[in-house]
C-alpha cells in the first residue's frame, strides 16, 4: 500500500513539473529550447510526458527545438521527433535507429518472453525533422529512417549508415564522403552538390534520385541500383575513372 502511494505521488510530481515546463518561457540567450534539451537528455519517457502535457494544455504538439544543441551519444530511439529542429546540432554518436535488419534474427514473442529477452527498441520518428547542417559523422550501424528529413549541408562523412532510408530526403550539399551506405534507399532524394566520394554504395537504390553535380569520385556504382536518375555525365565519368584506376592497381 505504501509503495502504491509513493509511486502515485512521484507520478504526480513528474506530471506537475512537466505541465509547468510545457508553458515555460525559453531562455532567449540560447538558440535551442533549454527545457526540451534537458528532457531529451533524460530519456524517452520524459520527452513523451512533456509532449502529452503540452498537447493537453495547448491542443497541439510542441515544436521541439534543439538547434545548435550538443547531443553527443544520446539514445533517441523510440521518440516522436516529428518536425523537430536539429539545425546545426552536434549529433555525433546519437542513436536514431535499430540494428541492421539483416543482422537481427526474427523475434518470436513467446520465445522471447520465455528467454526473458527484450524486444528491439523502435527507431525514432523523424518525419519532417530539420537536420540542416547537423553533424552525424560518428553515426554507427543503426538503421535510421531519415525519409522526408532535411539534411542539407549535414555531415555524415565516414558514418556507417547501413540500411538507412533516405526516401525524398533533402541531401543537398551533404557530406557523405567515405560513408558506408550499403543497402541505403535514396528514392526521390535530392543529392544535388552532395559528396559521396569514396563511399560504399553496394546494394544502394537510387530511384529517380537527383544527383546533379554530385561528387562521386572513387565511388563504384556498379553494384547499386540506378533507375531514372538525374545524373550529370561528369559525375558518372569521375566514378568510373576511379573504379578503373582501383581495378588496374594504379
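The values are calculated or read from the model by the stated rules, or taken from the named source; none is laboratory data. Remember, predicted model here, so these are calculated numbers, not experimental data. Methodologically, a virtual Cβ is constructed for each residue, glycine included, from the backbone with ideal geometry; neighbour enumeration extends over all protein chains shown.
Assorted remarks:
- Residue list for the range 54-68, restricted to those being in contact with a helix residue (DSSP H, G or I) (Cβ under 9 Å, 6 or more places away or on another chain) and within 17 Å of residue 81 (Cβ to Cβ): 54, 55, 60, 61, 62, 64, 65, 66
- Matching residues in the range 136-156 - criterion: being assigned to a loop (DSSP other than H, G, I, E, B) and either surrounded by fewer than 21 Cβ atoms within 10 Å (Cβ to Cβ) or in contact (Cβ under 8 Å) with a residue 40 or more places away in the chain (or both): 136, 137, 138, 139, 141, 142, 144, 146, 147, 148, 153
Residues checked against (1) closer than 23 Å to residue 150 by Cβ; (2) modelled with pLDDT of 95 or more:
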| position | (1), (2) |
| --- | --- |
| 172 | yes, yes |
| 191 | yes, yes |
| 213 | yes, no |
| 222 | no, no |
| 230 | yes, no |
| 235 | yes, no |
| 239 | no, no |
| 242 | no, no |
| 247 | no, no |
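- Single match in 128, 137, 133, 93 (criterion: modelled with pLDDT under 90 and in the same structural domain as residue 209 (by TED's automatic domain parsing)): 137
- Candidates 163, 183: the one that is assigned to a loop (DSSP other than H, G, I, E, B) and buried (at least 23 other Cβ atoms within 10 Å of the Cβ) is 163.
- Test: residue in the range 99-121 that is modelled with pLDDT of 70 or more, assigned to a loop (DSSP other than H, G, I, E, B), in contact with a strand residue (DSSP E or B) (Cβ under 7 Å, 6 or more places away or on another chain) and closer than 24 Å to residue 173 by Cα: no
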